[in-house]
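*Asks:* Next up is a structure, given as structure tokens.
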Amino acid sequence: MLDLAYVREHLSLVEEKLRSRGASPDEVLGNFREIDKRRRTQVQALEAALARRNELSKKIGPLMGSEKKGTITPEQRTELQSLTAEVSKLKEQIPSLEQQRDAADAELRAILTTIPNLPHDSVPVGSDEHANKEIKRWGEPPKFDFTPKPHWELGEHLGVLDLERASKLTGARFALYWDLGAKLERALMNFMLDLHTREHGYTEVLPPYMVNAASMFGTGQLPKFEQDLFKVPTDRFEKDVHHQPRIGELVCVDGRPSAVFEVEAVDMGSRTVTLVAASRTDHHREAGVPFSALSYDRAFYLIPTAEVPVTNIYRDETLDAAQLPVSLTAFTPCWRSEAGSYGKDVRGIIRQHQFQKVELVKFTKPEESYEQHEKLTRDAEQVLERLGLHYRRMLLCTGDMGFSSAKTYDLEVWLPGQGLFREISSCSNFESFQARRANIRYRPEGKKGTDLVHTLNGSGLAIGRTWVAIIENYQQADGSVVIPEALRPYVGADKITPRKM
């Protein structure tokens, strides 16, 4: 999330950066100017009312003292009555002014949560992947004296990849691995974690695989990308006085814990909501229910990447400068609904609802984040190099970057069975964008106060796609697959040969 003061003071630049991302400033920012102007007017009115109340209170004190002593004059009594009446009137006005200010704050915050990060000046401007810039290539594609096959044919032939039974178990876009196929997946996990912890200086963590909405908000998945997530509803409703109700949320009302309602409308001015019964057979509706009476459905989300729980480890915490950079790595399964990808990559395991990944996450000082971004990217590249896989590094253009990123490198591995490069890692610098949403700060040495850290993350690597790259790049004319030398101690074999499933 961007800083409100920065957006206000650099609105033209923000609009320019939004256009470079292919976004419409009018659609993203809406009536930001009008709301911000109204808010400043309301703040001025509130501050003036508070100042006047304080001024009057100072005058009232001595007069009330005289009244208690019995030394007050008729003129002073009249003045006391006038001042007291004015203070009473101000006390009635101030809550309304505070509500108006809070409503404008909520409107501005809602706009800020939908503004993507601003691209770094080194990011090329472009509308899609065709404007991405190739930075480097490593290695050479393997040469075959036969026509290489795609991994889905090889996996079935070898008896190590079973998509038909996986579909029976769960549905489309899930995979079942057998024998050395399963061992290869596990070997890749251990190999990557060992490399990053033993040689690259990362600390391994094992986070939860489900997180709450606050964690998803912190890294930028909510509220904009909820359709891409797998949501796990629960029967628990909890109070959260800091939460702003959203249309469509499930809530309970004080005194009626068994009745579940859906938020139909939100009035930020009066801080009330209109509710409709969640049951489709019950059309009961209530208006004017105060925010304070609501309890919220505490659903969880399956993580789309370990970036979410690992980044949120330090949510609402302040780190010491001496701790930075903090470098963490984690293996987790990941779940994505792949909303909007219908018909894409339907064969094989390139685009799955569930896949495994080793993630790299860094927390750095702002002045070191781009140096650390280069290092993190090199850490991911070294996995590919140790495995002898031909790849290229791409600098993503403004229109192809993720919502939260200020700069992103994609690593793309060569897949000979498909005759193309495929993304296998995305390494991003988010600058302070996520840290502001998640309130992750640090204490700079020799300075008062705190600053926001910069957060970075990258896949180190996506295990399923690495599995695919090995199967396709190391295939042999007889249909077997040679296991890269670096993985043989982990797999316990040097070759995958056909087996019956």
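The values are calculated or read from the model by the stated rules, or taken from the named source; none is laboratory data. Nothing here was measured: the structure is a model prediction, and the numbers come from that model. Please note: Cβ atoms are built from the backbone with ideal geometry, for glycine as well, and neighbour counts cover all protein chains shown. Side chains are part of the model used for accessible areas, which takes the heavy atoms of the whole protein and leaves out ligands, DNA and RNA. Shrake-Rupley method; radii C 1.70, N 1.55, O 1.52, S 1.80 Å.
*Asks:* Please list, by residue number, every one of the GluC sites (Glu not before Pro) in the range 442-500 that is coil in DSSP and has at most 10 other beta-carbon atoms within 10 Å.
*Replies:* Values: sites: Glu445, Glu472, Glu485; in loops: Glu445.
Hits after loop and neighbour filter: Glu445.
*Asks:* For Asn132, enumerate residues with amide H under 5 Å from its amide H, sequence gap 5+ or separate chain, H modeled in the peptide plane.
*Replies:* Cys397
*Asks:* Separate question: Just want the answer: with Cβ charges of +1 for Lys and Arg and -1 for Asp and Glu, which residue in Leu83, Leu294, Met394 is farthest toward the dipole's positive end in the chain?
*Replies:* Farthest along the dipole direction, towards plus: Leu83.
*Asks:* Would you mind getting me the FRET efficiency between Asn439 and Ser66? Use the beta-carbon distance for r and R0 = 45 Å, nearest 0.05. Before the final figure, lay out the partial values.
*Replies:* Numbers: r = 50 Å, r/R0 = 1.10.
Approximately 0.35, to the nearest 0.05.
*Asks:* Taking H as built 1.01 Å from N, whose amide H comes closer than 5 Å to the amide H of Glu317, not counting residues under 5 places away?
*Replies:* Under 5 Å from the amide H of Glu317: Arg441.
*Asks:* Would you tally the net charge around Val14, using a Cβ to Cβ cut-off of less than 12 Å, leaving Val14 out, and scoring K and R as +1, D and E as -1?
*Replies:* Details: positive: Arg8, Lys17, Arg19, Arg21, Arg33; negative: Asp3, Glu9, Glu15, Glu16.
So the environment of Val14 carries a net charge of +1.
*Asks:* Going down the list Lys69/Lys89; Lys143/Lys407; Lys362/Lys495; Lys231/Lys344; Lys17/Lys362; Lys407/Lys495, which pairs span over 32 Å between their C-alpha atoms?
*Replies:* Beyond 32 Å: Lys143/Lys407; Lys362/Lys495; Lys407/Lys495.
*Asks:* Let me ask something else about it. Considering only protein heavy atoms and a probe of 1.4 Å, how much of the accessible area of the chain is carbon and sulfur, as a whole percent?
*Replies:* Details: 11840 of 24260 Å².
Of the solvent-accessible surface of the chain, carbon and sulfur hold 49 percent.
*Asks:* From the phi angles alone, apply the Karplus equation (6.51, -1.76, 1.60; θ = phi - 60°) to the range 123-137 and give each ³J(HN,Hα) in whole Hz, x where the residue is Gly or Pro.
*Replies:* 7, x, 7, x, 8, 7, 4, 5, 9, 5, 10, 6, 9, 6, 10
*Asks:* Candidates (1) -0.39, -0.63, -1.41; (2) -0.31, -0.56, -1.54; (3) -0.27, -0.48, -1.45; which is the computed log10 I(q)/I(0) by the Debye sum over Cα atoms at q = 0.06, 0.08, 0.14 Å⁻¹?
*Replies:* Evaluating log10 I(q)/I(0) by the Debye sum over Cα atoms at q = 0.06, 0.08, 0.14 Å⁻¹ on these atoms matches (1).
*Asks:* Which GluC sites (Glu not before Pro) in the range 175-212 sit in a loop by DSSP (not H, G, I, E or B) and have at most 12 other Cβ atoms within 10 Å of their own Cβ?
*Replies:* On the way: sites: Glu185, Glu199, Glu204; in loops: Glu199.
Listed in order of number, the matching sites are Glu199.
*Asks:* On a 0 to 90 degree scale, rounded to 10, what angle separates helix 11-20 from the longest Cα axis of the chain?
*Replies:* Taking the Cα atoms of the chain, the angle to 11-20 is about 20 degrees.
*Asks:* Using 0.36 nm times the number of residues separating Ala182 and Phe230, minus their current alpha carbon distance, what extension gain do you get?
*Replies:* 14.8 nm
*Asks:* Read phi for every residue in the range 268-279 and hand back ³J(HN,Hα) as whole Hz from Karplus 6.51 cos²θ - 1.76 cosθ + 1.60, θ = phi - 60°, with x for Gly and Pro.
*Replies:* 6, x, 8, 6, 10, 10, 9, 10, 10, 4, 6, 5
*Asks:* A further question on this structure: For Glu34, what charge total do you get from the other residues with a beta carbon under 14 Å from its beta carbon, if Lys and Arg give +1 and Asp and Glu give -1? It would help to have the intermediate numbers written out before the result.
*Replies:* Working: positive: Arg8, Arg33, Lys37, Arg38, Arg39, Arg40; negative: Asp26, Asp36, Glu107.
Residues near Glu34 contribute +3 overall.
*Asks:* For the Cα atoms of the chain, what angle does the longest principal axis make with the long axis of helix 179-198, in degrees from 0 to 90, nearest 10?
*Replies:* 60
*Asks:* I would also like to ask the following. Using helices alone, I'd like the mean residue ellipticity at 222 nm for the chain: each DSSP H run of four-plus residues gives -39500 (n - 2.57), total over residue count, nearest 500.
*Replies:* That calculation yields -11500 deg cm²/dmol at 222 nm.
*Asks:* Related question: Quick check: net charge around Thr113, other residues with Cβ under 10 Å of its Cβ, Lys/Arg +1 and Asp/Glu -1?
*Replies:* +3
*Asks:* Using the heavy atoms of the protein chains and a 1.4 angstrom probe, tell me the accessible area per residue for the chain in square angstrom.
*Replies:* Value returned for the chain: 48 Å² of accessible area per residue.
*Asks:* Using a basic spin-label model with each label point 7 Å from the Cα along Cα→Cβ, how many nm lie between Arg392 and Lys143?
*Replies:* Simple spin-label model gives 2.1 nm for this pair.
*Asks:* If you take the square roots of the eigenvalues of the alpha-carbon gyration tensor of the range 193-303 and sort them as a ≥ b ≥ c, do you get rounded (a/c under 1.5), prolate (a/b over b/c) or oblate?
*Replies:* On the way: a/c = 2.94, a/b = 2.54, b/c = 1.16.
Since a/c reaches 1.5 and a/b is larger than b/c, the shape of the range 193-303 is classed as prolate.
*Asks:* Apply the Karplus curve 6.51 cos²θ - 1.76 cosθ + 1.60, θ = phi - 60°, to the phi angles in the range 32-45 and return the couplings in whole Hz, x for Gly and Pro.
*Replies:* 3, 4, 5, 5, 5, 5, 5, 4, 5, 5, 5, 5, 4, 5
*Asks:* Relative to the longest principal axis of the C-alpha atoms of the chain, give the angle of the C-alpha long axis of helix 74-112, reported between 0 and 90° and rounded to the nearest 10°.
*Replies:* Approximately 10 degrees, to the nearest 10.
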